[in-house]
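The values are calculated or read from the model by the stated rules, or taken from the named source; none is laboratory data. Not measured: the values here are computed from a predicted model. Backbone-built Cβ (ideal geometry, glycine too); neighbour counts: all protein chains shown.
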Amino acid sequence: MIPELPQKVKKWWRGLRTFHLSGPDHVEEPFPAKNEGLEPIALQDEPTIDDEPTIDHDVTDATRNVTEVLETHLSALSEKLDSLDSRIQSKDEQGESRKDRQISGLIDELKLLKSGLYNQKADALIESLITLHLHFHMTIVVTPEAGVGPFPSLLKELEMILQANGVRQYSGGEKGGPFDGGRQQVVSVVDTGDESLDNTVAEQVNIGFETADKIIRYETVTVYRFVDKV
Amino acid sequence: MATNTSETVERYYGIDFGTTYSCIAYIDEYGRAEVVTGENQSFALPSIVLFESADRVIIGQEAKNRAKLQPDRVIERVKRFMGTDWSTTQYGRRWSPEEIAAEILKRLAEWTTNHNRETVRDVVITVPAYFSFEKRNAIQRSGKAAGFNVHALVNEPTAAAISYGKTSDSNLDETVLVYDLGGGTFDTTVININAGDITVICSGGDGSIGGRLWDERLIEYFKDSWQRQHGNEDILEDNVTHQTVAEQAEQFKRSLTSLEANSLFIQHRADRTEVDMTRDNFDHLTADLLTPTILHIEQTMRIAREKGYPIITKILLVGGSSYMTQVKREIENKFGLETLLYQPDQAVAKGAAYYARDIQIRNVLEETGLDPDDPDILKSLPAGITVEDVQAATGNSGRRVVDVASRNFGSVGLIPGSGIDAYAIFYLIYKNSQVPSDIERDFVTTVDNQRSLEFSIVESNIEGPVDPEPISSGGQGDDRFVLPEHATKLGHVYLNLPDATVAGTPVTLRFRLSEDGGRLLITATLPKNGDSMDLEIIV
């Protein structure tokens, strides 16, 4: 890919060409006073308007000078071109790399989305089953006759279904055991005059449920709170 | 290959500091926004602080779990107190809202260190679009108190739009309305997304609307249900029952986003009752709560129309409370527009992370003096950033973010020819005008030999105020005028005048509001001798 030559270079080139072919009398455009746009190469014997060569000069010498200048500048241009090529190639690679990474990222996202949708549905179902479990449990607790009917067996079956799906129960809520705010949630406090019971579990309200990596529903407990006058 | 593999450069992070939940996000090595997960695999940290003892502060879910043990030591929804005089005294120490918020921010930083093994130092924090300077300033102070360099505050809907802009077609030109219904705040913002550039057109909001209103309505309903079965006892007067029912209400509301109906057991002391509710019942019960949000949409759309954006292509639903199915249904019915439930819990934090990444790129460019095209720049940036990202961040290939002023800004002065106590607010910058802005307005001295001139700088939060806006006169000195409820004094610029200054001598007041709308530089200049005085209000 060849970059467009700067306007100054074009003018300079046309000037050289005219000089070379027709001699200084017919120069249409003089050399620029400075070789703007062609740094860092500096011309030692650069002709200027004030120092224009005349028709008496040796045309061969002039041609040689111009050729040297031209070669120097072409070499500089070539270096610039190489550098540009390298940068373009780098950008192409970067673009490709970016695309590859985006595609890889999108595939990952699709996988996550797919598993996320599944997990979302599964989580909702599991939460509903846990709610059902809690309701069964509460029913057995508050209705004595439910404790001898089919409810205990149904409750056990539900627990097995949850366990088969990676959800296990946990329970740390033994009376008098220390309250663990990381795994237990206080639903109410029980005032006590016994300071040794302060901040210990008074009663388990509901068991907790967890998977291998997270708690789905915190175990709920009541906790003793020491007060001076009970 | 011109992508960075540097693992040692620390990232800038985006923080969504929410009323009920907060989260923190970053751009990963694949250039994607990721939200940090913390305890219990959760990305949302409950914005709850429990002062368990004089030297132990518990943040998040554990604070929630322990709340009933020490209800007087629990602070919830501290965001609503930001920028106010509110404080709490715990174990003899006075805590300001900024300090409490800093504890939440520090916890997010700990999550990040555990997750990424990286220290969080440089951040962008999101704020509701309608937040005042005082509230923004308070958030900024919280960030500093948490040990962060807060590089910018970005409006929450703008952050959500930035995140959405990453997923939309980069050549698309569309105007979307962001409907952001959080736990305790509500924002609407119209944003144009064009070839990666994001231009905020106008914004509105109301700090009194949020998902908690739906919870409170449910709690009242549960109380009434109890009374229908058990008599007139108010179960909410019992702190323990109140807190339990409050939690159940939040869970119940969430369950109705996926279930058509659900039941709930209320336990009060030894008695129990069952409450059944369908989703339709719930929607009917809370229908009036949604109405103000619909009115805000209408108002924001009207302003957008006046500003040359008559067509809204879709409505993005963000904020955790947007999960309620009534939100989507009502908006679609009312406006006939497509709605998109766009990562309601994460979009804001992710957008902030993209915003933070771009700031990091610009800062590194400034520090190193390197050209945006120079692949060497990547050595000074975190892994995963490409030269393309660098160019985009510098605005060379899109991804510019143009925001709007969140308030009107002006100065109090006297209305010419109306007497010495006819005060008014003279506006220089209007709400929803694009930032950065640089506006001058000429004032004159009122009497001969005036020794000084004081500009009282105010912000106000009304749409299209009249200019000048007359205000009441008061007593003497600082009480010489009374600001209306919608206006707040931000500070004053005091300019000494030379001897023998005649009445009518011009003085120029200049307001410059920064690109992120977070820094207002005020300069009063006496053109006669060039004397000037500055006031910078920094957020």
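Please tell me if residue B:317 is within 30 Å of residue B:150 (Cβ to Cβ), at pLDDT 95 or above, surrounded by 14 or more Cβ atoms within 10 Å (Cβ to Cβ) and outside the structural domain of residue B:465 (by TED's automatic domain parsing).
On the way: within 30 Å of residue B:150 (Cβ to Cβ): yes; at pLDDT 95 or above: yes; surrounded by 14 or more Cβ atoms within 10 Å (Cβ to Cβ): yes; outside the structural domain of residue B:465 (by TED's automatic domain parsing): yes.
So residue B:317 fits the description; yes.
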Problem set entry | Index of the failed condition, residue B:10 passing every other in (1) touching a residue at least 60 places away in the same chain (Cβ under 8 Å); (2) in contact with a helix residue (DSSP H, G or I) (Cβ under 7 Å, 6 or more places away or on another chain) | (2)
For this session: From (1) away from chain B (no Cβ under 11 Å); (2) crowded, with 18+ Cβ neighbours inside 10 Å; (3) modelled with pLDDT of 90 or more, pick out the condition that doesn't hold for residue A:193.
Result: (2)
Seminar exercise, completed: Per the filter on the stretch B:375-431, residues assigned to a strand (DSSP E or B) and over 31 Å from the mean Cα position of the chain (by Cα) are B:414, B:423
For this session: Can you confirm whether the stretch B:174-190 contains a residue that is in a loop (DSSP other than H, G, I, E, B), within 19 Å of residue B:14 (Cβ to Cβ), under 12 Å from the mean Cα position of the chain (by Cα) and at pLDDT 90 or above?
Result: yes
Seminar exercise, completed: Taking the stretch B:38-72 and keeping only residues that are over 22 Å from residue B:215 (Cβ atoms), away from chain A (no Cβ under 12 Å) and under 27 Å from the mean Cα position of the chain (by Cα), one is left with B:51, B:57
Seminar exercise, completed: Filtering the stretch B:252-276 for residues that are modelled with pLDDT of 85 or more, facing chain A (nearest Cβ under 9 Å) and assigned to a helix (DSSP H, G or I) leaves a count of 0
Problem set entry | Scope the stretch A:196-211; condition more than 10 Å from chain B (Cβ to nearest Cβ), more than 18 Å from residue A:129 (Cα to Cα) and either buried (at least 20 other Cβ atoms within 10 Å of the Cβ) or not acidic (Asp, Glu) (or both); matching residues | A:196, A:197, A:200, A:201, A:202, A:204
Exercise. Is the stretch B:209-217 home to any residue that is out of contact with any helix residue (DSSP H, G or I) (no Cβ under 6 Å at 6 or more places or on another chain), outside any strand (DSSP E or B) and without any contact (Cβ under 8 Å) to a residue 40 or more places away in the chain?
Worked result: yes
Exercise. Going by the conditions given, is residue B:27 buried (at least 22 other Cβ atoms within 10 Å of the Cβ), closer than 28 Å to residue A:218 by Cα and either touching a strand residue (DSSP E or B) at 6+ places or on another chain (Cβ under 7 Å) or outside the structural domain of residue B:148 (by TED's automatic domain parsing) (or both)?
Worked result: no
Exercise. Within the stretch B:219-230, is there a residue that is surrounded by fewer than 24 Cβ atoms within 10 Å (Cβ to Cβ) and farther than 30 Å from residue B:70 by Cβ?
Worked result: yes
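Rundown of residues vs (1) touching a residue at least 40 places away in the same chain (Cβ under 8 Å); (2) hydroxyl-bearing (Ser, Thr, Tyr); (3) buried (at least 19 other Cβ atoms within 10 Å of the Cβ); (4) at positive phi, yes/no style:
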position: B:112; (1), (2), (3), (4): yes, yes, yes, no
position: B:121; (1), (2), (3), (4): yes, no, no, no
position: B:130; (1), (2), (3), (4): yes, yes, yes, no
position: B:139; (1), (2), (3), (4): yes, no, yes, no
position: B:171; (1), (2), (3), (4): no, no, no, no
position: B:177; (1), (2), (3), (4): yes, no, yes, no
position: B:186; (1), (2), (3), (4): yes, no, yes, no
position: B:197; (1), (2), (3), (4): yes, no, no, no
Problem set entry | Identity of the residue in the stretch B:340-390, small (Gly, Ala, Ser) and crowded, with 20+ Cβ neighbours inside 10 Å, that ends up nearest to the other protein chains (Cβ to nearest Cβ) | B:384
For this session: Could you tell me whether the stretch B:324-332 includes any residue that is hydroxyl-bearing (Ser, Thr, Tyr), more than 16 Å from residue B:297 (Cβ to Cβ) and not assigned by TED's automatic domain parsing to the domain that holds residue B:25?
Result: yes
